[in-house]
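Some notes on the structure that comes next.
The values are calculated or read from the model by the stated rules, or taken from the named source; none is laboratory data. Note that the coordinates shown come from a computational prediction; the quantities given were computed from them, not determined experimentally. Backbone-built Cβ (ideal geometry, glycine too); neighbour counts: all protein chains shown. Side chains are part of the model used for accessible areas, which takes the heavy atoms of the whole protein and leaves out ligands, DNA and RNA. Shrake-Rupley method; radii C 1.70, N 1.55, O 1.52, S 1.80 Å.
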Amino acid sequence: MIRLIYVSTIAPTFNEKMLIDILHTASTRNAEKNVTGLLLYNGSNFMQTLEGDADVIAELMERIVKDPRHDGLIVISEDTVNERIFDGWFMMLANVSGRPVEAEHGALVTGMPPEVLARLSEPMRALCQNFNMISN
Ligand SMILES: Cc1cc2nc3c(=O)[nH]c(=O)nc-3n(C[C@H](O)[C@H](O)[C@H](O)COP(=O)(O)O)c2cc1C
């Protein structure tokens, strides 16, 4: 199994309502493909962790790279792993922009939930916390 982490920058045409669409698509499709992960949004950038079978992640990344809602995507790590960090989370979105984003069903989290932080290894925790600070 692969755990891949990338960062990207929102496209000039991006608006925060698109977060809801991304979350809906991601959670439905990822559940079908047994992909788990976390999507952080800080107001300017995304940082996403994707966990799943190598071929599934490769196919998914081909789609994500081409997605016009963001650009400048850079893979920052890709490791073979035996265990999932985000077991059961087909895509959790943490909005760390400091502003609540209106969600019809209140699906969006503001801030990084403590239970998420608690599940991360120390380097992952540092990575997420640094990411949370680069937006403002
Ligand atoms: C930041 C970001 C994260 C995304 N994460 C996922 C994801 O985890 N799973 C997924 O299926 N699609 C994700 N998408 C959406 C895909 O880019 C793509 O739109 C979607 O898979 C539908 O692909 P299709 O239009 O080729 O059918 C993400 C898009 C963005 C901008």
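See the values below:
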| quantity | calculated |
| --- | --- |
| Among Asn34, Asn95, Asn82, residue whose mean-square fluctuation peaks in a GNM of the chain (springs only between Cα atoms under 10 Å) | Asn82 |
| Local electrostatic count, Asp67, Cβ distance below 15 Å [Lys/Arg +1, Asp/Glu -1] | 0 |
| Most positive-pole-ward Cα, Asn15, Ile57, Leu40, against dipole of the chain from beta carbon charges | Asn15 |
| Under Karplus coefficients 6.51, -1.76 and 1.60, residue-wise ³J(HN,Hα) of segment 42-48 in Hz, glycine/proline x | 10, x, 10, 9, 10, 10, 10 |
| Amide H contacts under 5 Å for Met91, placed H, 5+ residues apart | Gly37 |
| Total formal charge among the other residues, if their Cβ is under 12 angstrom from that of Thr80, Lys/Arg +1 and Asp/Glu -1 | -4 |
| Rounded percent of accessible protein surface that carbon and sulfur make up, the chain, 1.4 Å probe | 53 |
| Gaussian network model of the chain, springs between alpha carbon atoms under 10 Å - residue of Phe46, Phe90, Phe14 with greatest fluctuation | Phe14 |
| Cα-based shape type of the chain, given that a ≥ b ≥ c are square roots of the gyration tensor eigenvalues and the cut on a/c is 1.5 | rounded |
| Dipole magnitude of the chain, debye to nearest 20 (Cβ charges: Lys/Arg +1, Asp/Glu -1, about Cα centre) | 300 |
| Amide hydrogen neighbours beyond the local backbone of Asn45, cut-off 5 Å, H modeled | Ile10 |
